[in-house]
Amino acid sequence: MTAQRFADFERFADEVARLRGRMRALYADTRAESGLAEMELTVLTAVVNAADAPTVAQIGRSLGHPRQVVQRAANRLAELGLVVFAENPVHKRASLIVATDVGRTLKAVDHQRAQAVTNALLARIDSATFAAAASQLHAIRVGIEAYLRERDE
């Protein structure tokens with residue numbers, strides 16, 4: 001690997017880390033108003049947005065978080081009445097996580113607050129910029145996932 005390619009990759013990794021921090025800060029107020037910890041809101045979002053009720057392991061794999069971290073958040077959401085665990089016909093030990101009406105309502109209100117922040121940001125940065133960046137990040141993520149699969153085989 002040439003020095004420039006390595007430097008480009010390091011710059012990219014640094015920008016991703018900084019962007020993640022800025023994204024967290026961007027929505028910190030809306031997250032705080034939900035009353036949930038960041039991981040709890042992340043898991044609730046994954047459950048509400050899933051086409052089919054997910055398992056803890058599926059959420060963990062999808063988001064790149066350890067299963068135990070997702071399980072703790074899901075347990076807390078269940079304690080709060082925001083999700084319930086349902087029997088999984090495909091796997092006896094891996095319960096499905098289903099959002100309750102209360103959980104869906106909380107997420108909808110959170111989404112409305114987040115949309116206000118997003119609209120303010122879109123007044124400064126053109127949506128086409130986000131679309132192009134999302135496409136590039138998707139391609140990078142797919143490449144990283146392929147590398148990780150091959151490495152772990």
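The values are calculated or read from the model by the stated rules, or taken from the named source; none is laboratory data. These numbers were taken from a predicted model, which means no experiment stands behind them. FYI the Cβ positions are ideal-geometry reconstructions off the backbone, even for glycines, and counts take in every protein chain you see.
Odds and ends about this structure:
- Lone unmet requirement of (1) modelled with pLDDT under 95; (2) under 19 Å from Asn49 (Cβ atoms) for Phe85: (1)
- Residue that is nearest to Ser95 (Cα to Cα) [pool: residues in the range 55-70 that are in a helix (DSSP H, G or I) and touching a strand residue (DSSP E or B) at 6+ places or on another chain (Cβ under 8 Å)]: Val56
- Positions within the range 3-22 being in contact with a helix residue (DSSP H, G or I) (Cβ under 9 Å, 6 or more places away or on another chain) and more than 20 Å from His65 (Cβ to Cβ), in sequence order: Phe12
- Meets criteria (assigned to a helix (DSSP H, G or I) and either surrounded by fewer than 16 Cβ atoms within 10 Å (Cβ to Cβ) or over 12 Å from the mean Cα position of the chain (by Cα) (or both)) for Asp52: no
- Filter pass, Ala73 being within 16 Å of the chain's Cα centre (by Cα), surrounded by 10 or more Cβ atoms within 10 Å (Cβ to Cβ), aliphatic (A, V, I, L, M) and within 23 Å of Arg141 (Cα to Cα): no
- Matching option when the condition is outside any strand (DSSP E or B), closer than 27 Å to His138 by Cβ, out of contact with any helix residue (DSSP H, G or I) (no Cβ under 8 Å at 6 or more places or on another chain) and among the small types (Gly, Ala, Ser), among Ala25, Ala78, Ala114, Ala46: Ala25
- For the range 86-101, the criterion of being in contact with a helix residue (DSSP H, G or I) (Cβ under 9 Å, 6 or more places away or on another chain), touching a residue at least 12 places away in the same chain (Cβ under 8 Å), part of a helix (DSSP H, G or I) and surrounded by 15 or more Cβ atoms within 10 Å (Cβ to Cβ) is met by no residue.
- Single condition Asp52 does not satisfy, out of (1) out of contact with any Gly (no Cβ under 8 Å at 6 or more places or on another chain); (2) over 27 Å from Ile144 (Cα atoms); (3) not β-branched (Val, Ile, Thr): (2)
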